[in-house]
Amino acid sequence: MKAAVVTTAGAAPEYLDFPEPQAGEGLQIVDLVAAAIHPIVRHKASGKHYSSTGQYPLVPGVDAVARTADGTLVYTGEIEAPWGTYAERMAVAMALPLPDGADPVAVAAGVNPGMSSWMPLTGHVDGHGTPETVMIVGVTGAAGGLAVQNAQALGVRRVIGVGRGADDLKRVAGLGAETVELVGDSDADAAAIAAALDGKAPELVLDFLWGGAAESAFQALASVPGNGATSYVEIGSVISEQAAVPASLLRSRYFRLSGSGIGSFDMRRYFTQVAAYVQLITDGKVDVNAQAYPLSRIAEAWAAEVGPRPVLIAG
């Protein structure tokens, strides 16, 4: 079969022949419909992600919309290496049927970045009620923009988006978020975040950046009177894997610090929420920005690192 194949660590995928997957016990063979190129796919394929197998050649791709033998469109993922979802066919265990009217490209592009915030948001709602204010650190990426929409879909009244790039922040403001521009000076960034908070800490912080941006956020939060709980959830580490957490912040207020990723989820809850999120996309409650490319144009799609999320489609 044809597939996008990474031959060595750090190499870009090529459109090559690859062995057919085998339908072992509990698996079925499905055909590719749409599979998005997410940042995690790039990191795993490079060999630098904590979940990378180091096995080459491999087919990248962590999730997809596929078609079963009876024609049903399903959302699927977690393919056993060295196979992935950027192939004409894949052997899968999970197969979540799509609702009527679902756009396969939007689902393929939206579930991975959208679920990164949907899981901690719905977890907070279930455990503590709907937060009045959510702050998103790293709001200008695809995941950040979906986080704004997800928070609003769940009834959050105030969303503060923190990130870089005046033009990108204007787009985020158009989604209904208040925005804070990071300039790369820790003290100035902390002061800008504190000014936006206006004396009231958010109930929930979603951080896609970590590193220095998180440290500025910690500094800003420490300056706000400690009247209320704040849950701070680390989702991504675009800036750095490391961030210093001031002890005074932990001792001066009710401050919960945690991470959110596939390894931290109750998978039964995750699959339930994936179904809910696919329905949210189908209902048009969130807008997913995507650009489709035939699988044979993997080189062009892989190079498209800015703008709409690239989605590989059969053909």
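The values are calculated or read from the model by the stated rules, or taken from the named source; none is laboratory data. From a predicted model like this one, the values you see are computed outputs, not experimental measurements. Ideal geometry is used to build each Cβ from the backbone, glycine not excepted, and the neighbour counts take in all protein chains shown. Ligands, DNA and RNA are stripped out before the accessible areas are found, and what is left, the full protein with its side chains, is counted by its heavy atoms. Shrake-Rupley method; radii C 1.70, N 1.55, O 1.52, S 1.80 Å.
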Check whether at least one residue in the stretch 100-110 is buried (at least 19 other Cβ atoms within 10 Å of the Cβ) and outside any helix (DSSP H, G or I), and report yes or no. no
Residues of the stretch 214-258 being in contact (Cβ under 8 Å) with a residue 40 or more places away in the chain and either over 27 Å from the mean Cα position of the chain (by Cα) or open to solvent by less than 50 Å² (accessible area, probe 1.4 Å) (or both), in sequence order, are Ala214, Ala217, Ala229, Ser231, Val233, Ile235, Gly236, Arg253
Conditions (1) open to solvent by less than 30 Å² (accessible area, probe 1.4 Å); (2) in contact with a strand residue (DSSP E or B) (Cβ under 7 Å, 6 or more places away or on another chain); (3) over 18 Å from Leu175 (Cα atoms) -> Thr122 fails only (2)
Pull up the stretch 10-22, narrow it to residues that are open to solvent by 60 Å² or more (accessible area, probe 1.4 Å) and assigned to a loop (DSSP other than H, G, I, E, B), then point me to the one that is nearest to Ser46 (Cα to Cα). Gly10
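How many residues, within the stretch 179-200, are open to solvent by less than 30 Å² (accessible area, probe 1.4 Å) and either more than 13 Å from Ile160 (Cβ to Cβ) or in contact (Cβ under 8 Å) with a residue 24 or more places away in the chain (or both)? Lay out the reasoning, then the answer.
Step one: list which residues in the stretch 179-200 are open to solvent by less than 30 Å² (accessible area, probe 1.4 Å), which gives 180, 182, 189-190, 193-194, 196-197.
Checking the rest, the ones that are also either more than 13 Å from Ile160 (Cβ to Cβ) or in contact (Cβ under 8 Å) with a residue 24 or more places away in the chain (or both) come to 182, 189-190, 193-194, 196-197.
Result for the stretch 179-200: 7.
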Of the residues in the stretch 201-212 that are open to solvent by 10 Å² or more (accessible area, probe 1.4 Å) and not charged (D, E, K, R), the one that is farthest from Gly123 (Cα to Cα) is Gly212
What residue, of Pro113, Pro131, is in a loop (DSSP other than H, G, I, E, B), touching a residue at least 24 places away in the same chain (Cβ under 8 Å), in contact with a strand residue (DSSP E or B) (Cβ under 8 Å, 6 or more places away or on another chain) and of a type outside the set (A, V, I, L, M, F, W, C)? Pro131
Pick from Met115, Met94: which is within 27 Å of Ala45 (Cα to Cα), at pLDDT below 95 and not polar (S, T, N, Q)? Met94
The stretch 265-314, residues that are open to solvent by 70 Å² or more (accessible area, probe 1.4 Å), in contact with a helix residue (DSSP H, G or I) (Cβ under 9 Å, 6 or more places away or on another chain) and not basic (Lys, Arg): Asp287, Asn289, Gln291, Glu305
So, first residue under 16 Å from Ala3 (Cβ atoms) in the stretch 284-304, second residue open to solvent by 30 Å² or more (accessible area, probe 1.4 Å) and in a helix (DSSP H, G or I), Cβ within less than 9 Å, six or more apart or across chains; the pairs are Tyr293/Glu300; Trp302/Arg42
Output the residue which, of all residues in the stretch 78-97 that are under 20 Å from the mean Cα position of the chain (by Cα) and surrounded by 22 or more Cβ atoms within 10 Å (Cβ to Cβ), is farthest from Ala35 (Cα to Cα). Ile79
